[in-house]
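Step one of this worksheet: look at the structure below.
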Amino acid sequence: MQVFFPTETARHDPAFEVIEGGLRVPYSDACERVPRVVTALRQHGVGDPQPAPACDLGMLSSLHAPDYLDFLACAYADWQVEAPRHAWPPGTPLLPALSSPRRPRPPGSAALQSVFARAGYYVLDLAAPITAGTWSAALDSAGCAVAAAQAVLSGQRAAFAVCRPPGHHAGRDFAAGFCYLNNAALAAQRLQTRIRSRIALVDIDYHAGHGTQDLFYLRDDVVTLSLHADPAWEYPFYSGHADERGEGPGHGYHRNLPLPRGIDDARYLDALDSGLVWLMRQRPQALVVSAGLDLAIDDPVGTFAITRAGLLQIGARLAALRLPTVLVLEGGYALDSLGDNLVALLAAFA
Ligand SMILES: [Zn+2]
């Protein structure tokens, strides 16, 4: 299996995120995640991790809105123009203090003249701060996913992208939850445009991937299955519910399986099996996996009870689909076990 990792990732290093109640807490998506994963993969002989080129704008604009990409590229510089007028400490990230009604705004709209307005429009929550290095790190991360897709198109059975920042909360024109560009969706898009038949995207991250759902909700050429903590009580709350099944041509091609707190291996695998039966009825020709490791029992963010043996089984179930497969890192914040947990998930592909 080929493995790709980002080299610019440490340039995106927010000091904090803001959680409910307005509390500032250390940023869970720590830079350290990438070297921990790469070291574990090398120690276990899983692939030979290589850097990948940054994602090009043509590929990005096949999924993301051009005005959103312009915002991301310029946001931090625009923010710094404001700095002399405020008593901000050096390096203060751009983080919105308001949210805008998400009515379509034409490019150049007066309503989006201010960087404060643009932040409120394009950044949906307080866990996607924009720092000096966010854009280059996001381009690099997306490039890993596209390189992994290209490896599969070139005949690899499977490829893994050590993406950071992650991507599945990023939608067509919004950032959220540590995510700016949707890495897994870009991989699926690359596969779909080259193979020209239906692609499956399975999201096993602990959180519902509302960005991925946003990107493919109206489409039937990328079918999505997501298993995640029930958004009735877990982030992202407003999306990822069982009754969200797609719209228009996409109706019936998207399935959410909300799961209870504390779910164990056996019950998780039952849910996964039923979801995969449904998925394979759609006759996909390739698979993308949003591999979030925050479903693991030792994750400080998640509440599931999935053991390392469970991760082995999840990987085995996915590999048994016998589809060309791109796996993309999403969440997973237990630094001391993240690498070994990933090795377990990938074992059946390695
Ligand atoms: Zn997550």
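Annotations for the structure displayed:
- Listed values for the stretch 322-333 are Karplus-derived 3J(HN,Hα) couplings in whole Hz (6.51 cos²θ - 1.76 cosθ + 1.60, θ = phi - 60°), namely 6, 10, x, 10, 10, 10, 10, 5, 10, x, x, 10, and x replaces Gly and Pro.
- Spatial separation of Cα centroids for the stretch 62-127 and the stretch 187-250, in angstrom: 26 Å
- About the centre of its Cα atoms, the stretch 215-350 shows a dipole size close to 540 debye [charges on the beta carbon of Lys, Arg (+1) and Asp, Glu (-1) only; nearest 20 debye].
- Extension gain, residue 111 back to residue 19 (0.36 nm per residue minus Cα-Cα distance, nm): 30.4 nm
- Accessible area per residue for the stretch 155-194 is 18 Å², calculated with a 1.4 Å probe on protein heavy atoms, without ligands, DNA or RNA.
- Residue 251 accessible area, 1.4 Å probe, all protein chains in place, Å² to nearest 10: 120 Å²
- Over all projection directions, the Cα-based convex hull of the stretch 96-237 averages an area of 9.6 nm².
- Loop-located GluC sites (Glu not before Pro) across the stretch 177-269 with a Cβ neighbour count of 13 or fewer within 10 Å are 247, with loop assigned by DSSP.
- Taking the square roots of 5 times each eigenvalue of the Cα gyration tensor of the stretch 247-350, largest first, gives ellipsoid semi-axes of 23, 16, 13 Å.
- Packing, as the average of other Cβ atoms within 10 Å across residues, places the peptides 300-307, 117-124, 202-209, 54-61 in the order 202-209, 117-124, 300-307, 54-61, highest first.
- The accessible surface of the chain, taken with every protein chain in place and a 1.4 Å probe, is 54 percent carbon and sulfur.
- Highest mean first, the peptides 324-334, 88-98 sorted by other C-beta atoms within 10 Å per residue fall in the order 324-334, 88-98.
- Span-rule helices in the chain, defined as complete DSSP H runs reaching 20 Å or more along the axis (Cα) with Kyte mean at least -0.5: 66-82, 134-153, 265-281
- With an a/c value of 1.5 or above and a/b not larger than b/c for the gyration tensor axes a ≥ b ≥ c computed over the alpha-carbon atoms, the stretch 48-105 is described as oblate.
- Panel note: the C-alpha atoms of the stretch 1-64, placed on their principal axes, show extents of 43, 35, 18 Å (largest first).
- Just so you know, the averaged projected area of the alpha carbon convex hull for the stretch 63-180 sits at 8.0 nm².
- For the chain, the relative contact order comes to 19 percent (Cα pairs under 8 Å, sequence separation of at least 6).
- If the Kirkwood radius is taken over C-alpha pairs of the chain, then at 4 °C and 1.567 mPa s the Stokes-Einstein diffusion coefficient equals 65 µm²/s.
- The stretch 1-93 - accessible surface per residue (Å², probe 1.4 Å): 52 Å²
- Applying D = kT/(6 pi eta Rh) to the stretch 238-298, where Rh is the Kirkwood radius over alpha-carbon pairs, T corresponds to 25 °C and eta to 0.890 mPa s, the Stokes-Einstein value obtained is 182 µm²/s.
- Residues whose amide H comes within less than 5 Å of that of residue 158, counting only those at least five positions distant or on another chain, are 2, 325 (H built at 1.01 Å from N in the peptide plane).
- Hydrodynamic analysis of the stretch 160-287 uses the Kirkwood radius over alpha carbon pairs. Inserted into Stokes-Einstein at 20 °C and 1.002 mPa s, it gives a translational diffusion coefficient of 146 µm²/s.
The values are calculated or read from the model by the stated rules, or taken from the named source; none is laboratory data. This structure is a prediction, so every number in the text was calculated from the model and none was measured. Glycine also receives a Cβ, built like all others from the backbone with ideal geometry; neighbour counts cover every protein chain displayed. Just the protein is used for accessible areas: all its heavy atoms, side chains included, with ligands, DNA and RNA removed. Shrake-Rupley method; radii C 1.70, N 1.55, O 1.52, S 1.80 Å.
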